[in-house]
Amino acid sequence: MSDDSETYEAGWSDRAYRLLYGAIGWPWLLYSLWGGSKASKRRLLTRLNLPDDALPNLGSWKADTSFLHRIVDTIEAQRPRTVVELGAGASTLVCARAIQMNGGGKLHSFDQHAQFVSATNEWLDDFGAKAHIQHAPLRSRIGDWPGAWYDLPDVPHSIDLLIIDGPPWAVHPFVRGAAESLFDRLSPGGVILLDDAARPGERIVARRWTERWPDIAFKRLPGGSKGTLEGRKMQSGKVLAFPERADRKSSSTWRRAAAALALLASGWAAHDLVADLIRPAYAASFVDEANASYSTSLVREAMQSQVETAVLDRSEIARSLGIVLPGIPAGWRAADVQVFPSDGGNSVALVLQTDRLERVVLYARRAETPAEAAPLTESRENRNLAYWETGPFAYALTGEVETSRILLLASTMASWQGKDVTEAT
């Protein structure tokens, strides 16, 4: 879900670049879905003295275990007093915990999603970790870098470790290049860690940084599914001033955009890719996925060729998908059970009939972000949704009922979490 304060509107040139790099960069994007081995994740949690369920599934747009280990390695070696992180998430907990265990510096984290900032703060509190996490909406371009950059409040004047894991590439393949606006704040010996450094866009960013900032030694680090670029500011010497973007539109910009469109016209990207990448530039919303699962259930119901199944085997779903469903309240009935792919891995949608014969859909998957245990509500089209999280799982209940009613139904279902229920219906 987007924030009202995100006012940036992508231009056609930005869309063309997203289409081009989506077309040529899909192998890297596919490979990045793997977040590291379970053994590597266990080692990470052991290093930080965190419980086994402290982190969500890694991969996709989240940092993988290699990058998270690299953060811990750097904090153990550098003992930074001031850390700045762009893009909150799993790395925030890892970084905050590592700082806590290695000198007690301060983490300043920024993210474009206001609700995520609030939820992440509460998530860290659950583990006794501390960070100063602030909302930084994507506002406008900065310097000569395309795409929308963070409106950063209260950035420290001296930074010992800069972690760059945002904004997402869908804003623009080169958008993270604007992080160089903070390079002149690096303390002598300060370190930069850029996630997703194997992607084509970040490779170009790295090359430009290397040319522009000779007093920072950049190198690609081995390991990991997504690649890490490390920059280390030299102890002496003057850092170059941050280059400003010219106001005029250069002919090279038009030539590059025209080349991107030519590649697309010749078959670099399919129609589905085009449709996906011209959407507003923010991470896929769990609520939107839940809404889509409701719409799909309506289509399936109207098609003779799509066979509905009312068999609900919660144990099989838990074994096969790793998703634990809440109990179905007494008097409710399952009408259809389907498995779907999602940005967060496999998901499951249950078409349910309540004790008042209302039609609702429960959508469930592994949690992408920490959220409220008590249901929150949103509206889409002519329907209302209530969503909540329990442990590592996220749930949403959708129906064409009043907001107060969907909230009551979701609260009832959330209260049945963990209760004994009939395995098959």
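The values are calculated or read from the model by the stated rules, or taken from the named source; none is laboratory data. Note that the structure is a prediction, hence the values are computed from the model and not measured. Heads up, the Cβs are rebuilt from the backbone with ideal geometry, glycines too, and the neighbour counts pull from every protein chain shown. Just so you know, the surface numbers come from the protein's heavy atoms only, side chains and all, with ligands and any DNA or RNA stripped out. Shrake-Rupley method; radii C 1.70, N 1.55, O 1.52, S 1.80 Å.
Descriptive notes on the structure:
- Among the listed pairs K41/K130; K106/K226; K41/K226, those beyond 25 Å (Cα-Cα): K106/K226
- The simple Förster model, with R0 at 41 Å and r as the Cβ-Cβ distance, assigns Q115 and D313 a FRET efficiency of 0.75.
- Taking only protein heavy atoms and a 1.4 Å probe, the accessible area of the stretch 111-154 is 45% carbon and sulfur.
- Applying a DSSP loop filter and a limit of 13 other Cβ atoms within 10 Å to the trypsin sites (Lys or Arg not before Pro) in the stretch 319-356 leaves R356.
- Förster radius 60 Å - calculated FRET efficiency between E211 and L50, Cβ distance, rounded to 0.05: 0.90
- The length gained on full extension between R43 and N346, counted as 0.36 nm times the residue separation minus their Cα-Cα distance, comes to 106.6 nm.
- Spin-label model distance (nm) - R81 vs N102, 7 Å beyond Cα toward Cβ: 1.8 nm
- Projection of the Cα convex hull of the stretch 50-139, averaged over all directions and equal to a quarter of that hull's surface, yields 5.8 nm².
- Structural size metrics of the stretch 103-149, computed from C-alpha coordinates, are Rg and Dmax of 13.6, 41 Å.
- Positive-end extreme of charge dipole, the stretch 154-216 - chosen from L186, V205, I164 (charges on Cβ): V205
- Zone of S158's modelled label, taken as backbone nitrogen in the stretch 93-121 under 15 Å from a point 7 Å along Cα→Cβ: 105-106
- Using a Förster distance of 25 Å, the FRET efficiency for F218-D184 (Cβ separation, nearest 0.05): 0.95
- In this structure the stretch 170-235 gives 32 Å² per residue of accessible area when probed at 1.4 Å with all protein chains present.
- Volume of the convex hull of the stretch 132-231 (Cα atoms only), normalised per residue: 106 Å³.
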